[in-house]
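The values are calculated or read from the model by the stated rules, or taken from the named source; none is laboratory data. These figures come from a predicted structure and were not determined experimentally. All Cβ positions, glycine included, derive from the backbone under ideal geometry; neighbour counts span all protein chains shown. Just so you know, the surface numbers come from the protein's heavy atoms only, side chains and all, with ligands and any DNA or RNA stripped out. Shrake-Rupley method; radii C 1.70, N 1.55, O 1.52, S 1.80 Å.
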Amino acid sequence: MNDIRKNWTWFILIMALILGVGIYLGQSRRTELGKSFDYSLDEYRQVDPSLIHYTEVEPLVPTLGKISALAVAPDGKIYVGGEDAVQVFPDGGTFPVDGIPTCMAVDDDGTMFVGMQDHVEIRSKNWEKTVWPSPGGKAYLTSIVVDDEYVYVADAGNRRVWRYDKAGGKPLEIGRKDSANGVRGFNIPSPFFDVDLGPDGSLWAVNPGYHALENYRPDGMPISSWEKSSFMIEGFSGCCNPSHFALMPDGSFVTAEKGLPRVKIHNVDGSLRCVVAAPDQFDEGVVGLDVAVDDEGRIYVLDPNRNQVRIFEEKE
Amino acid sequence: MKPKGKRKRRDFVRGAAAVLVGGVAVSSLRSCSPKLVWQIDPEKCTQCGRCATHCVLAPSAVKCFHSYSICGYCDLCGGYLRPDAKKRNTGAENQLCPTAAITRTFIENPYYQYKIDEDLCIGCGICVEGCDVFGNGSMYLQVKHDLCVNCNECAIAHACPSDAFKRVPASEPYLLKSDREKRIS
Ligand code: SF4
Ligand code: SF4
Ligand code: SF4
């Protein structure tokens with residue numbers, strides 16, 4: 001009997017030892033990764049407070065969900081597109097649309113040009129709808145601007161800006177690679193591709209893959225450009241920034257970025273003028289900070305995470 | 001009549017064998033049920049680094065996957081280049097991956113292709129973080145099933161702070177971000 005007990009004791013001990021060694025080996029792998037495995041953007045999130053020349057005031061809080069498009073009309077009204085509707089501030093009411101607009105512009109006479117992902121819908125003042133055919137291909141419309149003659153539509157999917165007449169029809173293609181004329185083509189890795197009009201009426205388009213802003217004549221010929229790649233506050237970082245921009249009345253650029261969410265103003269030559277909002281003023285990971293500017297230089301930032309249009313005014 | 005000592009030894013050997021055979025039988029019965037394997041839900045993973053440190057295998061059975069159909073083929077790839085990279089080139093000082101597991105190949109101006117060398121990848125997830133923050137999120141972590149030994153209790157699943165590990169059918173062992181994507185290694 002004693003022998004049996006002894007044998008079983010040994011058997012259990014050996015099994016326990018094997019189990020113990022297994023557990024030890026498993027646990028012993030639980031070391032931390034070394035310093036070279038640290039990934040931190042904290043350094044780049046810090047902004048010198050003296051660079052921040054703007055202060056935030058009360059935001060606009062739309063009653064729509066999923067806000068995604070922003071425009072300042074020539075009469076100063078703010079148009080916000082979201083889930084199945086467009087809301088106009090102040091007190092302009094809410095108008096239904098079929099889906100979520102991806103971009104929007106408003107003409108002098110109140111006509112709205114609404115980008116619905118792959119096509120443009122025109123809404124007259126009386127909310128009558130006209131639909132322009134989609135540019136086709138992989139169309140993904142991300143920005144619209146309108147002047148007296150033309151409607152410019154940025155198409156991130158096809159990497160083109162389409163210039164339409166006010167009546168629609170076949171658009172002129174802007175941005176096809178044309179080395180002879182100095183057009184390198186738009187490099188758009190993700191669906192962020194913004195356009196705006198300069199004070200002289202010429203077209204500005206962001207070329208996000210190059211961290212560049214490019215200026216074109218209405219016929220698509222390039223005029224000038226500037227670019228700045230840097231994680232530092234002076235430049236743009238990541239694979240596609242600035243994600244949005246708008247021109248100030250004096251021709252300087254308000255830019256918004258994704259990755260390191262921040263809103264800044266760059267002078268006409270691209271040099272940094274000041275910061276409007278630093279990364280710590282936004283939720284981490286926010287994307288789609290569309291920006292717009294009114295005649296007084298007030299800056300509107302569509303914040304999809306908070307579902308608000310945040311407003312920034314220059315400090316006294 | 002057999003000697004008593006011999007019989008006791010034989011009884012013990014039989015008993016011990018029965019315990020071992022029983023264990024094997026129970027585990028083989030378990031393996032008859034539909035086979036499940038461990039996998040990472042890319043939407044839940046927060047790239048905490050434990051996939052690299054907690055796998056029972058060294059290097060880990062978790063590797064970076066790269067989806068061509070999502071990738072922007074960016075020159076300035078947030079998954080390839082360090083945030084403080086001085087230049088956009090293949091210089092070791094500019095690369096984010098601590099094990100140099102990502103190769104960069106020029107395709108045509110301004111596009112580059114990024115490939116993961118599975119032998120060098122340890123599943124640390126740093127590139128995934130960089131790609132998520134600045135790119136399209138085309139890089140993500142997956143348990144590689146030709147390496148994983150499918151532990152009953154996956155040590156990483158136990159340690160995962162984001163509840164990103166789940167059991168999936170062995171017939172569909174990957175949680176790919178895009179149907180069109182092809183695994184590159
Ligand atoms: S342990 Fe979980 S959160 Fe951490 S890297 Fe692995 S899957 Fe991602
Ligand atoms: S950074 Fe980490 S997860 Fe990415 S390829 Fe290198 S070793 Fe693999
Ligand atoms: S099941 Fe085991 S081998 Fe597979 S990933 Fe988890 S710990 Fe590693």
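Figures for the structure shown
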{"read-out": "Relative contact order [Cα under 8 Å, 6+ residues apart], the stretch B:55-109, whole percent", "value": "23"}
{"read-out": "Candidate lysines for bridging to B:Lys144, where Cα separation is under 27 Å - those fewer than 8 sequence places away on the same chain excluded", "value": "A:Lys35, B:Lys35, B:Lys44, B:Lys63, B:Lys115, B:Lys166, B:Lys177, B:Lys182"}
{"read-out": "Linear extension gain, A:Asp148 paired with A:Glu43, 0.36 nm per residue minus alpha-carbon span", "value": "33.3 nm"}
{"read-out": "Surface share of carbon and sulfur [accessible, 1.4 angstrom probe, percent] for the stretch A:38-314", "value": "46"}
{"read-out": "Probe 1.4 Å, protein heavy atoms only - accessible area per residue of the protein assembly as shown in square angstrom", "value": "49"}
{"read-out": "Point-to-point label distance, B:Lys87-B:Ile107, nm (Cα→Cβ direction, 7 Å offset)", "value": "2.4"}
{"read-out": "Hull-based mean projected area of chain A, where the convex hull spans the alpha carbons, in square nanometres", "value": "25.3"}
{"read-out": "Candidate residues A:Thr255, A:Thr63, A:Thr94, B:Thr99: accessible-area rank, largest first, probe 1.4 Å", "value": "A:Thr63, A:Thr94, B:Thr99, A:Thr255"}
{"read-out": "Relative contact order of the stretch A:124-229, pairs being alpha-carbon contacts under 8 Å that are 6 or more residues apart, as %", "value": "18"}
{"read-out": "Listed residue pairs exceeding 19 Å between alpha carbons, taken from A:Lys228/A:Lys258; A:Lys77/A:Lys258; A:Lys138/A:Lys228", "value": "A:Lys77/A:Lys258; A:Lys138/A:Lys228"}
{"read-out": "Rounded to the nearest 20 debye, dipole of the stretch A:64-119 from Cβ charges on Lys, Arg, Asp, Glu", "value": "200"}
{"read-out": "Solvent-accessible surface ranking, highest first, for A:Arg310, B:Arg14, A:Arg184, A:Arg160 at 1.4 angstrom", "value": "B:Arg14, A:Arg184, A:Arg160, A:Arg310"}
{"read-out": "FRET efficiency for A:Leu17 and B:Lys166, using Cβ-Cβ distance with R0 set to 30 Å, rounded to 0.05", "value": "0.35"}
{"read-out": "Computed over chain A: relative contact order in percent, which uses C-alpha pairs under 8 Å that are six or more apart", "value": "14"}
{"read-out": "Solvent accessible area, Å² - A:Ser36, 1.4 Å probe, full protein context", "value": "80"}
{"read-out": "Solvent-accessible area buried by B and A, counting both chains, probe 1.4 angstrom, square angstrom", "value": "3200"}
{"read-out": "Net length gained if the chain between A:Lys6 and A:Glu314 were fully extended (0.36 nm per residue, minus Cα distance)", "value": "102.2 nm"}
{"read-out": "Length released on extending from B:Asp119 to B:Asp41, taking residue separation times 0.36 nm less the Cα-Cα span", "value": "25.8 nm"}
{"read-out": "Estimated distance in nm for a label pair at A:Asp165 and A:Glu83, the labels positioned 7 Å out from Cα along Cα-to-Cβ", "value": "4.1"}
{"read-out": "Gap separating the Cα centres of the stretch B:86-131 and the stretch B:55-80, nearest whole Å", "value": "8"}
{"read-out": "Residues losing 40 Å² or more accessible surface upon assembly, the stretch B:131-145, compared with the chain by itself, 1.4 Å", "value": "B:Val133, B:Phe134, B:Asn136"}
{"read-out": "Accessible-area value, A:Trp10, 1.4 Å probe, nucleic acids and ligands omitted, Å²", "value": "150"}
{"read-out": "Whole-angstrom gap from the stretch A:38-82 to the stretch A:167-210, using each part's C-alpha centre", "value": "24"}
{"read-out": "In order through the stretch A:130-135: 3J(HN,Hα) via Karplus (6.51 cos²θ - 1.76 cosθ + 1.60), integer Hz, x for Gly, Pro", "value": "10, 10, 8, x, 5, x"}
{"read-out": "Charge dipole magnitude, Cβ of K and R +1, D and E -1 - the protein assembly as shown, Cα centre, debye nearest 20", "value": "5320"}
{"read-out": "Solvent-accessible ranking of B:Lys44, A:Lys170, A:Lys258, largest area first, probe 1.4 Å", "value": "A:Lys170, B:Lys44, A:Lys258"}
